[in-house]
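A short worksheet on the structure shown next.
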Amino acid sequence: MSRRLYNAHTCGFVTAREETLVNGEGEPFLLRGVGLGNWHLPEGYMWQFQGWADRPRRIEQLVEDLLGVDDASRFWETFRNRYIREEDVRLIAGEGFNSIRLPMNARTLLARSGSQFLDPVMIGHVDRVIQWCREYGLYVILDLHGAPGGQTGTNIDDSENDLPELFLSEEHQQTTVDLWRELAKRYRDEWTVAGYDL
């Protein structure tokens, strides 16, 4: 199915012309989008949790405490494979939106071991959403909602110690730069990635 059936204005790389965004054909447009929150970065208020389980690492711990390590792993695999599907992206485009904001958590994007920088499963989810957005004519804004160490010290960034450790640690700062470098390199030829929310 042609993406033109959905959004005629999403074509080619987005650029800024003074204070206006323009598409690859030089046409001005406004981003009208949907945020895919809670998928890569589960947030307590979206689960309607009260108190302690307010951020991804604590929600993950709660699930592990309830289910055990193996079943918790299966739960998260199923959750991430089913939470956002192609049908959702098609519906978003069909409703007239032209973009998706994809909040990401550095802790889950970064490979835990080996020579790879990015976790192949988690970056695979991002790749898949970008592919669907390309097919249905949606731009994607990659949002590092949970930066290494946390940028606010609150639940929304998966902060471990309730501190904005991104700004307190040179290691976290370098990891953030390295992560953005990897993402920019990976998606440099992908027109549907409209921007990066640092």
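Observations on the model:
- P(r) histogram, all alpha-carbon pairs of the chain included - 10 Å bins from 0, percent: 9, 32, 34, 20, 4, 0
- On the chain, 50 percent of the accessible area sits on carbon and sulfur atoms, based on a 1.4 Å probe.
- More than 16 angstrom apart: percent of Cα pairs within region 56-118: 64 percent
- Only helices enter this figure: runs of n ≥ 4 DSSP H residues, each worth -39500 (n - 2.57), summed and divided by the residues of the chain, yield -12000 deg cm²/dmol at 222 nm to the nearest 500.
- Residues ASP197 and GLU171, FRET efficiency given R0 of 25 Å [Cβ-Cβ distance, rounded to 0.05]: 0.65
- Beta bridges per DSSP with both ends in region 1-110, % antiparallel, nearest 5: 60 percent
- HN-Hα J in Hz across region 108-124 - Karplus 6.51, -1.76, 1.60, θ = phi - 60°, x for Gly and Pro: 8, 6, 7, 5, 7, 7, x, 8, 7, 7, 9, 5, x, 6, 5, 5, x
- Charge-dipole axis of the chain as Lys and Arg at +1 and Asp and Glu at -1 on Cβ define it, positive-most pick from LEU41, LEU67, PRO28: PRO28
- Distant-in-sequence amide contacts of VAL34, defined by a placed amide H-H separation under 5 Å and a gap of 5 or more residues or a different chain, comprise SER99, ILE100, ARG101.
- In order through region 127-136: 3J(HN,Hα) via Karplus (6.51 cos²θ - 1.76 cosθ + 1.60), integer Hz, x for Gly, Pro: 4, 5, 5, 4, 4, 5, 5, 4, 4, 9
- Reducing region 88-108 and region 17-45 to their Cα centroids gives an inter-centroid distance of 9 Å.
- Treating each Cα of region 138-197 as an identical point scatterer and summing with the Debye formula, the log10 of I(q)/I(0) at q = 0.15, 0.20, 0.27, 0.28 Å⁻¹ comes to -0.49, -0.75, -1.01, -1.05.
- Rounded to 5, the percent of DSSP beta bridges in the chain classed as antiparallel: 30 percent
- Computed from Cα atoms, the angle from the helix 170-187 axis to the main principal axis of the chain rounds to 40 degrees.
- Cα long-axis angle, helix 69-82 against the chain (0 to 90 degrees, to the nearest 10): 10 degrees
- With the largest listed first and rounded to whole Å, the semi-axes of the equivalent ellipsoid of region 90-175 from the Cα gyration tensor are 28, 17, 9.
- Per residue, the accessible area of the chain comes to 54 Å² when a 1.4 Å probe rolls over the protein heavy atoms.
The values are calculated or read from the model by the stated rules, or taken from the named source; none is laboratory data. Everything numeric in this text was worked out from a predicted model, so none of it was measured. So basically every Cβ, Gly included, is an ideal-geometry build from the backbone, and we count neighbours across all protein chains shown. For accessibility, only protein heavy atoms count, side chains too; no ligands or nucleic acids. Shrake-Rupley method; radii C 1.70, N 1.55, O 1.52, S 1.80 Å.
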